[in-house]
Amino acid sequence: MTAKTDLRNLTRDDIVHFVESLGQPAFRGRQIMSWLYRPGITDFSQMTDLAAKDFRRILSEHATISRFDDQVLECSSDGCVKFGFKLADGKVIESVLIPEPDRNTLCVSSQVGCAMNCSFCLTAGMGFIRNLQPAEIVNQVCAVDDFLRNQPENERIGPERVTNVVFMGMGEPLNNLENLLKALSIMTEQQGLDLTNRRITVSTCGIIPKMRQLGENSNANLAISLHATNDTTRSRIMPINDRYPLDDLLAACRDFPMPKRKRIMFEYILLAGINDSRENAHELARKLRDIPCKINLLPYNESPTLPYTGTPMPQILAFQKILMDANYSVFIRNSRGSDISAACGQLASRKNTT
C-alpha cells in the first residue's frame with residue numbers, strides 16, 4: 001500500500017497539485033491550506049467547507065496531518081522552555097522557546113544532529129543522523145503554539161503564539177536547503193503559520209554555494225556563525241573553514257542578495273584566549289568593512305566535556321567597545337536556558353542512536 005502523503009510537508013502550491021492529482025479542482029487545495037494550521041485541526045472531518053463527504057474520505061485514504069504529541073518539557077528558571085520532540089522513526093530533536101513580554105522566539109532544529117563538527121558545540125558530538133522533513137520543522141512551531149495557547153494566562157511571559165523563529169537549533173540549515181525553503185514558505189504563508197520574513201532568521205556556518213540560493217528564494221534574515229577573525233583560528237574551531245575559507249565567506253556575504261534595509265547578523269562566540277583579544281576585535285572590524293551588518297557577541301556556555309572557557313564580562317565589554325567605536329551595531333546576547341542545557345551550543349539529545 002502506498003504511504004499516505006503528509007500534507008504538512010507541502011506548500012500551498014504543492015497541496016493544490018496534490019488535490020488535482022486526486023481529480024479535484026485547485027480551489028479544494030486552497031481550502032485545505034486554510035484549515036491545515038488552525039488550532040486543534042487534526043482530522044479532515046473537521047474541515048467542514050470541503051463539502052462532499054466523499055472527498056474527505058478520499059483525503060483520509062491518501063493523506064494525513066502530522067503533529068508532535070507528548071513532547072518532553074524542561075523549564076528554566078529564566079522562563080525558557082526546552083522541548084524534546086520524538087520523531088516517527090524514534091529520533092529526538094530539541095527546540096527552545098525564549099519568551100519575552102513582547103515576543104516569543106523559538107529556536108528550531110533543521111537536522112537530527114549536525115555534520116559540521118564545530119569543536120565548541122555539544123550538538124557536534126551527536127554527529128549527523130538525518131535531515132528533517134518540512135513537516136518536522138514546521139511542527140516544532142505548531143506544537144509550541146499549542147503549548148502557549150494552553151498555558152494559563154497568569155503563567156505566560158509573552159504573547160499567545162510564536163512570533164519569531166531562529167534556525168539556530170540542531171543542524172546546519174543550508175545542508176537541508178530544499179526542505180528548509182519549503183518550511184519557510186509554509187511559515188510565511190498567510191494561510192499557513194502567517195509569520196513575517198523579518199521575524200525569521202536562518203543561521204549558517206557558511207555553506208557558500210547555498211547562501212545565494214537562500215537569498216534568491218527567501219527573504220528571511222541571514223545570520224553567519226563567524227567566531228574567528230582569521231583562517232588559522234576558524235579552521236581550528238570550525239572545520240568547515242577548510243572548505244570555505246574566511247575571506248571567501250565574507251565575499252559571499254558582500255554578494256548576498258537582500259533588500260537595502262536588511263543587514264546580515266554576524267555571530268561571534270567569545271572563547272577565552274582563543275578569539276577574544278583586542279587585536280581580534282580590531283581585526284573583526286576590518287574584516288566586516290563594507291558589509292551591511294550587525295554583530296552579536298555570545299558569551300560561551302561552558303561544558304565539562306569541551307576544552308573551552310568563557311571570556312570574562314569586562315573583556316567582552318571591551319571587545320564590544322572596540323567594535324562600536326568602529327561604528328558597528330554590537331549586541332551582547334543574554335544567555336538563556338543554560339540551567340537546562342538549552343542555551344546556544346548546548347542542544348544534544350542523548351536519546352538518538354545512529
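What follows draws every value from the coordinates through simple rules; no lab data is involved. Treat the numbers as computed from the prediction; the structure is a model and nothing was measured. Using ideal geometry, Cβ is built from the backbone for each residue, glycine included, and neighbour counts are taken over all protein chains shown.
Here are a few things to note about the model shown:
- Which label in (1) 16.8; (2) 18.9; (3) 19.9 gives the computed mean projected area of the Cα convex hull in nm²: (2)
- Here the spin labels are modelled as points 7 Å beyond Cα on the Cα-Cβ line, and at Lys4 and Glu153 they lie 3.6 nm apart.
- As a calculated quantity, the FRET efficiency between Ile58 and Asp231 at R0 = 41 Å, using C-beta atoms, amounts to about 0.10.
- Whether segment 178-284 is rounded, prolate or oblate, judged on the alpha carbon gyration tensor where a/c under 1.5 counts as rounded: prolate
- In nm, spacing of pseudo-spin labels at His17 and Thr196 (7 Å Cα→C-beta vector): 3.1 nm
- Listed by Cβ neighbour count within 10 Å, with the fewest neighbours leading, Lys4, Lys287 appear as Lys4, Lys287.
- Going from the residue with the fewest nearby Cβ atoms within 10 Å to the one with the most, Ser77, Ser303 rank Ser77, Ser303.
- Stretched out straight at 0.36 nm per residue, the stretch from Ser34 to Glu216 would grow longer than its current Cα-Cα span by 62.9 nm.
- Three-way shape call for segment 5-64 based on the alpha-carbon gyration tensor, with the a/c threshold at 1.5: rounded
- With the cut-off at under 13 Å, measuring from each backbone N in segment 268-289 to a point 7 Å along the Cα-to-Cβ line of Glu302 picks out 271-273.
- Looking at the chain alone, DSSP beta bridges between its own residues are antiparallel in about 40 percent of cases.
- Relative to the longest principal axis of the Cα atoms of the chain, the long axis of helix 53-62 lies at roughly 50 degrees.
- Inter-label distance for Arg289 and Arg243, nm, one decimal - labels placed 7 Å from Cα along Cα-to-Cβ: 3.1 nm
- Estimated purely from DSSP H runs of n ≥ 4, each contributing -39500 (n - 2.57), the mean residue ellipticity at 222 nm for the chain is -9500 deg cm²/dmol once divided by its residues.
- Each principal axis of the Cα cloud of segment 128-217 was evaluated for its coordinate range; sorted largest first, these ranges are 47, 29, 20 Å.
- Close Lys pairs in segment 72-340 (alpha-carbon distance under 24 Å; sequence gap of 8 or more, or different chains): 16.
- Cα-based shape type of segment 234-308, given that a ≥ b ≥ c are square roots of the gyration tensor eigenvalues and the cut on a/c is 1.5: prolate
- Neighbour-count ranking [beta-carbon atoms within 10 angstrom, fewest first] of Phe331, Phe85: Phe331, Phe85
- Between Ala272 and Asp102, the contour length at 0.36 nm per residue exceeds the alpha carbon distance by 57.8 nm.
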